[in-house]
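The values are calculated or read from the model by the stated rules, or taken from the named source; none is laboratory data. Bear in mind that the values here come from a model prediction, so they are computed numbers and not experimental data. When we count neighbours, we look across all protein chains shown, and the Cβ atoms used for this are built from the backbone with ideal geometry, even at glycine.
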Amino acid sequence: MPQTFAPRHAGTLATSVLILGAAVVLPQTLGLFTLLQLTVYAVMAILALSLSITWGLGGVLCFGQAAFFGLGGYTYAVAVTNFGESTLPILLAVLVQALVALCLGWFMFMGRLSDLYVGVVTLCTSLILFNFANSTSDPWYRIGSAALNGFNGMPAIRGINIPFLPGALLSPVQSFVLTMLALLAVYLLCKTIAGSSWGRVVAATRQNPLRAELMGYDTARVKLGIFVIGSAVAGFAGCLFVNWNGFVSPDVFGLSMSAQIMIWMIVGGRETFVGPIVGAFALQALVSRLGVGSEINANVVLGGLLMIFVVLVPRGILPTVRDGLLSLGRKWGPGKTREVN
Amino acid sequence: MDLVLILTLQGVVAIATILLFSIGLAIIFGMMRVINLAHGEFMMIGAYGAVKSHEAGLNLWVAMLVVAPLVAALFGLVVERVLIRHLYGRLIDTLLATWGLSLFTVGVVTMIFGNTTSGVPTPLGTLRIGDYGLGQYNLVIVGVTLLVLALVALVLKRTSAGVLARATMQNPEMIAALGYNPRRIYAATFAIGSGLAGLAGGLLAPLTGVIPAMGVAFVAKAFITVISGGAAVILGTGTAAAIYGVISQSVTYVSTSVIGEASLFLAAIILLRLLPNGFAGRFFKGGV
């Protein structure tokens, strides 16, 4: 059994260099349209990583990751409209989601709900938010100067500016660089958590909650902690998404939003942190390519892929390819290969 | 007085509707421990079966009550053979795979029939109670739901096939040792659950309109009802449906239907917290 999520320093370094390199090189080589597309892919990769923390590392089956994503987006939108400056709203988007997750998680984990029930409760939460956000079209629903606008969504939301300089809005290229750097930061955060001693307790709780509990760890608290971190990251992703989009509507809470995050994770490999990033980029690129003048419905491809992966490649692309290469290496490589784990 | 009567009737209709679109899922989840997130798409297939066969000239009632369940059951049989049988015992994986199936089916149906609403006219007229009216068709739904429940209970409790199915869910090895083929029983159970979903889709088609994505509106509610019901297919799901139906209907009456729906989900969250094993785990141990 290969140890998953363990800090492979070489791999982490390579991934980090790759992301950083993309952030530096791509703005010079690619057109604006492609860059804008890559920006939203990177935002979604951060979202995928957030579920990777909650579900992949922590084993908390969260069907409602979109709840925190959407709420993060709305928090940012409301705050930035009121403040006219983006530094505090970004912090709020993260903090509010951490707080919401703390309350919801307290309710779930201290009540010792089973995995499946946690899934249902988080699903219900996102659906409640979806319904609620849809029914706020009355002008009465406003927070400060920001009207929520129900199903029409909130248009023309200010983007991110350089901290404490409200006049200095980021250009699309700068937004791209910021998003890539954020992706790198979140990736390193994931790695740091997984490599820390607390991260090992989290992994132990996922693998065998009873044993972890018998060893003296408070598993409810551990799950709560990882749930809060994952949700806060999802809130951050939501804020970056609104920055990219300039618009937020109740669709961010939708079932399909939560679903596609899981699909990215499954396809990329839920046992790794690189897998969800790869899955998010690859599948979104695929879907947007299919969307352009094609006979084939994107849902057919996504759904088909998900079924095929769950049945045939349950561990996802990256772990399968890596193990395949390793076993090839062991078979054909020169002499003894180093055990990697 | 009229108002009380009509509100009660509406409550009953709401409960029956929830039960009708949950019962197929309850059988598949309660008996096979397979979470079928494509449940809404089985309904959609049934609804399309009813609409298209009605358009081809078939009697509406035959289309809804016979064609819809048959089409969905056939589809379920294929799905079980191709997809679900690889996943028994992997609860979370069944959920993910059927999520994929749901997207896939919606996509394929959209490609075939287009993303337009097809509909069948609502049969029967309006029942007048004083100043208020209620579609008589709603009462048909209540009737059919009761009939389906009675039939399912009867089959599970009294027939040897039902006992065999329940035994297989408890201990497939023992059933295999006794000379039955558990795979065949699984396939049949899944097909019956799918057929019931199709029946629900066919019956609800005149009320909701038929589009490829119509399943989304039901799957979350059905899923929540069944999970809060727990392992008892009829008693648990019935209780859950009753509670959610009453809550969402009364909140809808005092506010809007969107808030009513949200209140259903909120009630589910609180109920699950209070009864972490569902109603069945608390009140109906060993019941059907």
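What helices (runs of 4 or more DSSP H) lie completely within the range A:100-208 and have 3 or more residues being under 30 Å from A:THR34 (Cα atoms) and either within 21 Å of the chain's Cα centre (by Cα) or not aliphatic (A, V, I, L, M) (or both)?
Once the helices (runs of 4 or more DSSP H) in the range A:100-208 are filtered for at least 3 residues that are under 30 Å from A:THR34 (Cα atoms) and either within 21 Å of the chain's Cα centre (by Cα) or not aliphatic (A, V, I, L, M) (or both), what remains is A:172-195.
Could you tell me which numbered condition A:LEU95 fails, if it satisfies all but one of (1) away from chain B (no Cβ under 14 Å); (2) outside any loop (DSSP other than H, G, I, E, B); (3) at pLDDT below 80?
Only one criterion in (1) away from chain B (no Cβ under 14 Å); (2) outside any loop (DSSP other than H, G, I, E, B); (3) at pLDDT below 80 is unmet by A:LEU95, namely (3).
Among (1) under 27 Å from A:ARG315 (Cα atoms); (2) crowded, with 23+ Cβ neighbours inside 10 Å, which single condition is A:GLY254 missing?
Result: A:GLY254 passes all but (2).
Which one is modelled with the lowest pLDDT, of the residues in the range B:176-213 that are under 15 Å from B:GLY40 (Cα atoms) and assigned to a loop (DSSP other than H, G, I, E, B)?
The qualifying residue modelled with the lowest pLDDT is B:GLY209.
Identify, from the list B:LEU37, B:LEU103, B:LEU25, the residue that is without any contact (Cβ under 8 Å) to a residue 12 or more places away in the chain, within 14 Å of another protein chain (Cβ to nearest Cβ) and crowded, with 24+ Cβ neighbours inside 10 Å. First the steps, then the outcome.
Values: B:LEU37 fails: without any contact (Cβ under 8 Å) to a residue 12 or more places away in the chain; B:LEU25 fails: without any contact (Cβ under 8 Å) to a residue 12 or more places away in the chain.
After ruling out the rest, the residue left standing is B:LEU103.
Please indicate, with yes or no, whether at least one residue in the range B:108-129 is crowded, with 17+ Cβ neighbours inside 10 Å, in contact (Cβ under 8 Å) with a residue 12 or more places away in the chain, in a helix (DSSP H, G or I) and within 14 Å of another protein chain (Cβ to nearest Cβ).
yes
What's the number of the only condition in (1) buried (at least 16 other Cβ atoms within 10 Å of the Cβ); (2) in contact (Cβ under 8 Å) with a residue 12 or more places away in the chain; (3) more than 20 Å from the chain's Cα centre (by Cα) that A:LEU30 fails to meet?
If we test A:LEU30 against (1) buried (at least 16 other Cβ atoms within 10 Å of the Cβ); (2) in contact (Cβ under 8 Å) with a residue 12 or more places away in the chain; (3) more than 20 Å from the chain's Cα centre (by Cα), just (2) comes out false.
Test A:ARG270 against the stated conditions and say whether it is in contact (Cβ under 8 Å) with a residue 12 or more places away in the chain, in a loop (DSSP other than H, G, I, E, B) and crowded, with 18+ Cβ neighbours inside 10 Å.
In short, yes.
Quick check on this structure: which one of B:ILE234, B:ILE211, B:ILE227 is within 15 Å of the chain's Cα centre (by Cα), surrounded by 22 or more Cβ atoms within 10 Å (Cβ to Cβ) and more than 13 Å from chain A (Cβ to nearest Cβ)?
The unique qualifying residue is B:ILE234.
Checking A:ALA168 against (1) more than 21 Å from A:ALA22 (Cα to Cα); (2) loosely packed, with under 15 Cβ neighbours inside 10 Å; (3) modelled with pLDDT of 75 or more, which test does it fail?
(3) is the only condition that A:ALA168 fails.
Exactly one of (1) assigned to a helix (DSSP H, G or I); (2) surrounded by 24 or more Cβ atoms within 10 Å (Cβ to Cβ) is unmet by B:VAL216. Its number?
Only one criterion is unmet by B:VAL216, namely (2).
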